[in-house]
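Contents: one structure, followed by commentary.
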Amino acid sequence: MVYQHYWVGLDAGHLETAVCLIDAEGVILFEAICETKSGPIRDILRRFGVEAAQCLTIEAGNGIQMVRELRAYGFPVQVVDVRKSSKFLAIRRQKTDVHDARGLAELGRLARSMGSQVFVKPMEHQNIRTLINVRRTMLKNRARTDALIQSIFRLYGGNVKLLNGRGALAAEVNDQVRKMRQHGLEIGVNLQPLVEISEALREQISILDRQMRDIASNNPTCRNFQTIPGVGAVIALSFYSAIGDPHRFERSRDVGAYLGLTPTLYQSGATSRRGRISRHGNKLTRMHLITAATVLLCRIEIESRLRTWGLELAQRVGFLKARVAVARKLAVIMLGMWKSGSPFRPDGTPSLFLQQEEAGLDPVLISGTQISL
């Protein structure tokens with residue numbers, strides 16, 4: 001039996017997914033709304049033939065596990081960047097799930113080569129990413145709780161030290177309360193719940209840190225990353241989980257644009273203007289790399305060619321710009337180390353990217369690189 005080729009758009013919601021099938025001329029073959037699971041979608045598409053499916057297009061966000069399962073069934077699924085697909089879908093005046101599904105099908109049929117695809121991480125990298133995000137949320141909540149405790153004491157003229165040892169914060173708070181009572185001051189709120197929350201967050205963060213150190217030490221790639229001064233277990237795992245597959249970058253220097261560490265470029269006619277860094281890609285990994293660059297420039301005493309270059313650049317353009325440039329080079333070096341398996345060489349030229357910049361070649365913003373979830 002010969003099936004005609006078709007393209008599929010999937011507008012995935014939390015509970016329901018709009019499905020639209022079109023042919024090579026854009027004529028609708030089938031439309032439906034089903035549960036956001038791979039099984040019902042697979043059953044719909046099998047009626048039209050697995051081999052005849054040219055592309056299943058879905059936006060990044062909901063349904064990533066469904067994407068993995070549909071790919072396992074043999075369907076060619078592409079995940080597109082929401083920022084790019086939204087411009088294509090905005091052509092239609094009315095925004096509905098059904099219209100979005102049809103628009104995504106058209107996007108897969110007409111504009112598959114526009115560089116809007118998103119890389120779907122393997123489960124190992126996704127699990128690491130989840131750990132990093134949980135740790136980040138706990139750190140934010142601990143900082144908010146600590147700030148609230150400090151602000152309460154400051155209202156009464158006191159000051160509490162934020163100690164990290166087990167039970168140390170509770171002991172410090174009780175000691176400060178006792179001293180204030182000796183001066184006739186009584187805090188009119190029970191601080192015990194806040195202290196217990198802060199202590200619990202400290203303990204859980206410590207557990208996560210130990211878990212992440214174990215994962216990094218057992219992973220050859222992350223262990224290799226930690227030979228770079230300023231790169232610890234969290235930063236190594238952050239970069240490892242954000243990239244997923246190093247070989248999807250033809251050139252190591254492309255990773256700078258992928259993580260939003262290269263300047264934007266605007267060209268129109270005789271106008272050519274560079275702006276600030278694009279800040280595309282994973283925000284947390286970009287922040288981690290900038291943190292590593294800051295530590296390398298300010299706290300690490302081990303000399304390296306990268307640190308020397310960064311300090312010289314800081315004298316010319318300022319520290320804030322220099323640390324972003326060093327972060328970009330760190331990303332390039334780490335990707336090159338991942339591909340080659342070689343450790344960091346403090347006195348050697350870390351990458352071809354450094355050679356090109358030292359020769360006076362200006363790194364350009366690389367477009368069309370896949371974005372990662």
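Things to note:
- The lysine pair count for the chain, using Cα distances under 27 Å and pairs eight or more places apart or on different chains, is 23.
- Using a simple spin-label model with pseudo-atoms 7 Å out from Cα toward Cβ, His247 and Ser217 lie 3.1 nm apart.
- With Cα atoms, 0 to 90° folded angle of helix 168-182 axis to the chain main axis: 50 degrees
- Distance histogram in 5 Å bins (all Cα pairs of the range 218-327, percent per bin): 2, 11, 18, 21, 21, 13, 7, 3, 1, 1, 0
- Net charge of neighbours whose Cβ lies under 11 Å from the Cβ of Gln267, counting Lys and Arg as +1 and Asp and Glu as -1: +2
- Percent carbon-and-sulfur accessible area, the chain, ignoring ligands, DNA and RNA, probe 1.4 Å: 51 percent
- Rounded to 10°, Cα long-axis angle of helix 305-317 versus longest principal axis of the chain: 90 degrees
- Cα gyration tensor shape for the chain, rounded if a/c is under 1.5, else prolate or oblate: oblate
- Between Leu163 and Val317, the FRET efficiency from the beta-carbon distance, with R0 = 51 Å, is close to 0.85.
- Per residue, the range 123-218 exposes 61 Å² of solvent-accessible protein surface, assessed with a 1.4 angstrom probe and all protein chains in place.
- Positive-end extreme of charge dipole, the chain - chosen from Leu296, Gln192, Thr145 (charges on Cβ): Leu296
- In the context of the full set of protein chains, residues of the range 6-111 present 48 Å² of accessible surface per residue (probe radius 1.4 Å, heavy atoms only).
- A simple spin-label model places pseudo-atoms 7 Å from Cα toward Cβ; at Tyr156 and Ile91 they are separated by 6.6 nm.
- Each of Lys121, Lys321 has its accessible area taken with a 1.4 Å probe; listed largest first, they run Lys321, Lys121.
- The charge dipole of the chain, taken about its Cα centre with unit charges on the Cβ of Lys, Arg, Asp and Glu (plus for the first two, minus for the last two), comes to roughly 980 debye.
The values are calculated or read from the model by the stated rules, or taken from the named source; none is laboratory data. Computed from a predicted model, the values in this text were never measured in an experiment. When we count neighbours, we look across all protein chains shown, and the Cβ atoms used for this are built from the backbone with ideal geometry, even at glycine. With ligands, DNA and RNA removed, areas are computed over all heavy atoms of the protein, side chains included. Shrake-Rupley method; radii C 1.70, N 1.55, O 1.52, S 1.80 Å.
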